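Presented below is the structure to which this report refers.
The values are calculated or read from the model by the stated rules, or taken from the named source; none is laboratory data. Remember, it's a predicted structure, so these values are computed and weren't measured experimentally. All Cβ positions, glycine included, derive from the backbone under ideal geometry; neighbour counts span all protein chains shown.
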Amino acid sequence: MTNSAQTFSGRTALTLVVANIIGTGVFTSLGYQLLDIRSAPVILLLWTLGGVIALCGALCYAELGAALPRSGGEYNFVGRIYHPAAGFVSGWVSITVGFSAPTAAVAIAAAKYAQAVWPGISETAFASVLVLLTGAIHLGSRRSSAAFQQSITAIKVIAILALVVAVWIAIPNWQPVRWAPVVADISLIGTGGFAIALIFVNYAYTGWNAATYIGGEFSDPGKQLPKALITATAIVTVLYLLLHVMFLSAAPMDAMAGRVEIGFVVAEYAFGVDAAKIIGAILALLLVSTISAMLLAGPRALYVIGRDFPAFSWLGKENRYAVPANAVSLQIALTLVLIVTSTFDSIIIFSGAILTFNSLLTVLGVWVLRVREPELKRPFRVPLYPLPLLVFGALALWTLVHLLVQRPYEGIAAVALIAVGLLVYFLSRKNASSE
């Protein structure tokens, strides 16, 4: 019988995915999108497309996670399907930016909300303290990690729904927003600005694959993983659409364009400056849920790399609670470095691009594995196959092409990071064979 203290429940998987997705993006991305797009129907289309992409990806990951039940996420899938080198590079991405960069972005966003309430606070110090305190929780037992994750995620979802309802009730003057699409909106779709905006949206949905990173720590991954991935992604898509209808109804587009702390701006228009400060403080604390989820899921990829590659064996060490403490500590350290050295938008564009590529490679692996191993036991199979795979692949590829055209430096940096990962892989293998 499986020891329940050494496994996570399906409820923890669900809250892990929800918490990973609902983080920085939904409370910050709209300001960047409004710089190029001033159409409510197109904005809602962006967030609907993001939900469709995430759901298609979740369906594909659910099949892989049920068929290949091991912790590590893309590292496990890509290495098993293609080649250990590809898996290592995927894990390398997770080590360097996959989780550390989004965690840093969330912490910075929380600090910006805090600064709106307490202008004198240090952004770097506030963000760093949040990461350190949350990381300390995940160096303890799985039971305490799970309890913290479940409770803070439940509070976050309830608070978001309460905020939506409260704004709709309290707003003194609704904004004169045009919700029906017109012919002019079509010209915005397919542009470089639309593609870059979709990068921000995809970033806001990042985390729909979170449960696969602890896939080896469930009692029944064949059932728990698909249910968690699909249910959580659907819930978040509905919440995101509700939030953006509320945002656009409550505050003028001009007031939100270019702003990071969208929730604070909206609360200021709905409730006034004093109440907005209280809500800003609450939103800053709620982002701890996402920091927690990333510090729970991300180190599992590092842990599996440590178990597979002797050069990184120190990442595979566990503490007395059977928690990968070194991997957790490394992610905390990398996150702190990014908080100190990077800007918010550069983190989003760069990490969003490379994570999209990583997910694209993994989703295509569903087809590769079906061709190569048709007899492999699959407790869950992608419905309407291959449609979800094609939708995800086409939209992800289109976004990446436009990104390379619009933001070539971030694209080059992503390619360079992959090349360095390959170099590290072959050097580590060479050293291992010479010993």
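So here's what we get for this one:
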| read-out | value |
| --- | --- |
| So Glu63, is it charged (D, E, K, R) and surrounded by 24 or more Cβ atoms within 10 Å (Cβ to Cβ) | yes |
| Output for segment 65-80, where each listed residue is in contact with a Phe, Trp or Tyr (Cβ under 7 Å, 6 or more places away or on another chain) and closer than 12 Å to Lys223 by Cα | Ala66 |
| Hits in segment 140-163 (condition: buried (at least 18 other Cβ atoms within 10 Å of the Cβ) and over 13 Å from Ala293 (Cα atoms)) | Val157, Ile160, Leu163 |
| Test: residue in segment 336-351 that is among the small types (Gly, Ala, Ser) and at pLDDT 80 or above | no |
| Filter result for Ala105 (in contact with a helix residue (DSSP H, G or I) (Cβ under 7 Å, 6 or more places away or on another chain), surrounded by fewer than 22 Cβ atoms within 10 Å (Cβ to Cβ) and among the hydrophobic types (A, V, I, L, M, F, W, C)) | no |
| Checking Gly306 against (1) in contact with a helix residue (DSSP H, G or I) (Cβ under 9 Å, 6 or more places away or on another chain); (2) over 21 Å from Leu139 (Cβ atoms); (3) surrounded by fewer than 24 Cβ atoms within 10 Å (Cβ to Cβ), the condition it does not meet | (2) |
| Some residue of segment 266-278 being β-branched (Val, Ile, Thr), out of contact with any Leu (no Cβ under 6 Å at 6 or more places or on another chain) and either assigned to a loop (DSSP other than H, G, I, E, B) or under 30 Å from Ser141 (Cβ atoms) (or both) | no |
| Among the candidates Val424, Val391, residue that is modelled with pLDDT of 90 or more and either surrounded by 13 or more Cβ atoms within 10 Å (Cβ to Cβ) or hydroxyl-bearing (Ser, Thr, Tyr) (or both) | Val391 |
| Any hit, segment 395-412, residues being modelled with pLDDT of 85 or more, of a type outside the set (A, V, I, L, M, F, W, C) and either surrounded by 12 or more Cβ atoms within 10 Å (Cβ to Cβ) or touching a Gly at 6+ places or on another chain (Cβ under 6 Å) (or both) | no |
| Selection from segment 63-74 of residues that are assigned to a helix (DSSP H, G or I) and more than 18 Å from the chain's Cα centre (by Cα) | Glu63, Leu64, Ala66, Ala67 |
| Lone unmet requirement of (1) within 28 Å of Phe200 (Cβ to Cβ); (2) surrounded by 13 or more Cβ atoms within 10 Å (Cβ to Cβ); (3) at pLDDT below 85 for Ala322 | (1) |
| Pairs, first within 17 Å of His83 (Cβ to Cβ) and of a type in the set (S, T, N, Q) in segment 352-372, second surrounded by fewer than 24 Cβ atoms within 10 Å (Cβ to Cβ) and modelled with pLDDT of 85 or more, C-beta under 9 Å, six or more apart | Thr362/Ile81 |
| Of all residues in segment 373-386 being without any contact (Cβ under 8 Å) to a residue 60 or more places away in the chain and touching a helix residue (DSSP H, G or I) at 6+ places or on another chain (Cβ under 9 Å), the one that is farthest from Gly73 (Cα to Cα) | Leu384 |
| Ala58 vs. criteria assigned to a helix (DSSP H, G or I), at pLDDT 75 or above and either within 16 Å of the chain's Cα centre (by Cα) or not polar (S, T, N, Q) (or both) | yes |
| Residue check, Arg378 among the charged types (D, E, K, R), surrounded by 18 or more Cβ atoms within 10 Å (Cβ to Cβ) and more than 22 Å from Pro102 (Cα to Cα) | yes |
| Subset of segment 125-170 (residues that are in contact with a Phe, Trp or Tyr (Cβ under 7 Å, 6 or more places away or on another chain) and within 17 Å of Tyr269 (Cα to Cα)) | Ala170 |
